1. Within the range A:118-130, how many residues are assigned to a helix (DSSP H, G or I) and more than 15 Å from the chain's Cα centre (by Cα)?
2. Yes or no: B:Pro36 closer than 24 Å to A:Ser118 by Cα, exposed (fewer than 13 other Cβ atoms within 10 Å of the Cβ) and at pLDDT 85 or above?
3. Among the numbered criteria (1) modelled with pLDDT of 95 or more; (2) β-branched (Val, Ile, Thr); (3) surrounded by 21 or more Cβ atoms within 10 Å (Cβ to Cβ), which one does A:Ile207 miss?
4. So in the range A:179-199, with the set limited to residues that are small (Gly, Ala, Ser) and part of a helix (DSSP H, G or I), which one is nearest to A:Leu101 (Cα to Cα)?
5. Output the residues belonging to the range B:56-79 that are out of contact with any helix residue (DSSP H, G or I) (no Cβ under 6 Å at 6 or more places or on another chain) and on the phi < 0 side of the Ramachandran plot.
6. Any idea which of (1) outside the structural domain of A:Tyr173 (by TED's automatic domain parsing); (2) under 21 Å from A:Leu235 (Cβ atoms) is the one A:Glu89 doesn't satisfy?
7. So which of A:Leu161, A:Leu102, A:Leu176, A:Leu157 ends up being part of a helix (DSSP H, G or I), within 12 Å of chain B (Cβ to nearest Cβ) and either within 20 Å of the chain's Cα centre (by Cα) or at pLDDT below 90 (or both)?
8. Can you give me the number of residues within the range B:34-52 that are touching an Asp or Glu at 6+ places or on another chain (Cβ under 7 Å) and at the interface with another protein chain (Cβ under 7 Å from one of its Cβ atoms)?
Amino acid sequence: MSEMTHETHEEHIHIPENSFWPLVFGGGMFVLLFGMALRDYRMFITPVGLLILVVGLGGWITSIVREKVPSITPRIAGKMAMWVFLASEVLFFTGLIASFLLLRAEAVPGVDHALVASIPLVSLNTFILLTSSLTVVLSHDAAARNLQGRLKLFLLLTIVLGTTFVSMQGFEYSTLYREGLSWTGNGYGTAFFTLTGTHGWHVLIGILWCAVVLIRALQGGFNDKNYSGVEIFGLYWHFVDIVWILLFTLVYLMNTSAGLPVK
Amino acid sequence: MEHSTSHTEHKSPNYVLIFVWLIGITAAEVGVGYIPNTVLPTIVQYPLLLGMAGIKVLLVALYYMHLRYDSRWFLLAMIASMPLSVMFILALVLGYVRK
């Protein structure tokens, strides 16, 4: 542990100012999920929760951007915190994937024909997400070499690619709905949309995070000595990419209709 | 702590080459996925697909997330969650089988 301790001591430790925005964000999340669980007042309470969540998130991001300090997190501590968080995410997605596989095992054969038909589109989306992982790692590399222009360019490209991924996922969902696969239609549909939708939310959060990192880069917040913000964001983005690699195989390629000719 | 945690203390891998591998394996995966089950039984097809996905996961984790060069403590944090994941899946599968 000696190197870890040594490096931590060399870093400037900045403690962010007190903020109530995370509480607003958490409250919004609670109201949103509470509203979604309700049967009668869902349409009223859910938008209120979403509004509170967006306001809380906006305030939180604005307060971070306004700080304009070069570093928020000590590099090693921040990375370890992110790895521990990602470990908890492994458990989260394990539950969702396992539930999906079990519900699919009980589904009527052929119910996933629509998914097989969407494989070409999803393959293209997989290519886009893998490319975004490349741009993220190249932005990390640029930050480590203090190449400011490249850092900003690759972060911007990541936002564009991430947004494209989410947009194409939305298009795929609309197609699947037209084909008869819906969130509330059967257990298979519920499991599919919950699993891939949760991943989509993770990408959306990643896009927002990347936007914050880009703004901080534009403010000159990163250099070759101090780029933990880019590095920690990168860990999150690559993890989301890894989850998609598994989902692409498990959900689309390994399904009961795989190997059958697509109509 | 055998490996350094500093980015500058190791030569950066060829990220573009790794990307080419990732895309190539994905293309192979899609190809295997489309092979009719009468030609390639699922008992062969599924492990093949999982193996290729596993290689992609390793490539991203080792080189893009720098697990190959970073502290082993980060890897340990991730591995620590695996037994719980396995237990979780086993519990679900056992519950399903008993039903």
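The values are calculated or read from the model by the stated rules, or taken from the named source; none is laboratory data. Predicted model, so just to flag it, every value in this text is computed and none were measured. Cβ atoms come from the backbone with ideal geometry, glycine included; neighbour counts cover every protein chain shown.
1. Initial filter on the range A:118-130 (assigned to a helix (DSSP H, G or I)): A:119-130.
Within this subset, residues satisfying the condition of being more than 15 Å from the chain's Cα centre (by Cα) are A:119-124, A:127.
So the answer is 7.
2. Working: closer than 24 Å to A:Ser118 by Cα: yes; exposed (fewer than 13 other Cβ atoms within 10 Å of the Cβ): yes; at pLDDT 85 or above: no.
When the stated conditions are applied, B:Pro36 does not pass them.
3. That leaves (3) as the condition not met.
4. Step one: filter the range A:179-199 for residues small (Gly, Ala, Ser), giving A:180, A:182, A:185, A:187, A:189, A:191, A:197.
If we keep only those that are part of a helix (DSSP H, G or I) too, we end up with A:187, A:189, A:191, A:197.
On the way: A:Gly187: 11, A:Gly189: 12, A:Ala191: 8, A:Gly197: 16 Å.
Ranking the candidates gives A:Ala191 first.
5. Going residue by residue through the range B:56-79, those that are out of contact with any helix residue (DSSP H, G or I) (no Cβ under 6 Å at 6 or more places or on another chain) are B:58, B:61-62, B:66, B:69-73, B:75-76, B:79.
Across the range B:56-79, the qualifying residues are B:Leu58, B:Ala61, B:Leu62, B:Tyr69, B:Asp70, B:Ser71, B:Arg72, B:Trp73, B:Leu75, B:Leu76, B:Ile79.
6. Unmet for A:Glu89, out of (1) outside the structural domain of A:Tyr173 (by TED's automatic domain parsing); (2) under 21 Å from A:Leu235 (Cβ atoms): (1).
7. On the way: A:Leu161 fails: within 12 Å of chain B (Cβ to nearest Cβ); A:Leu176 fails: within 12 Å of chain B (Cβ to nearest Cβ); A:Leu157 fails: within 12 Å of chain B (Cβ to nearest Cβ).
Sole residue among the options that is part of a helix (DSSP H, G or I), within 12 Å of chain B (Cβ to nearest Cβ) and either within 20 Å of the chain's Cα centre (by Cα) or at pLDDT below 90 (or both): A:Leu102.
8. Of all residues in the range B:34-52, those touching an Asp or Glu at 6+ places or on another chain (Cβ under 7 Å) come to B:49, B:52.
Now narrow it down to the ones that are at the interface with another protein chain (Cβ under 7 Å from one of its Cβ atoms): B:49.
Residues in the range B:34-52 being touching an Asp or Glu at 6+ places or on another chain (Cβ under 7 Å) and at the interface with another protein chain (Cβ under 7 Å from one of its Cβ atoms): 1 in total.
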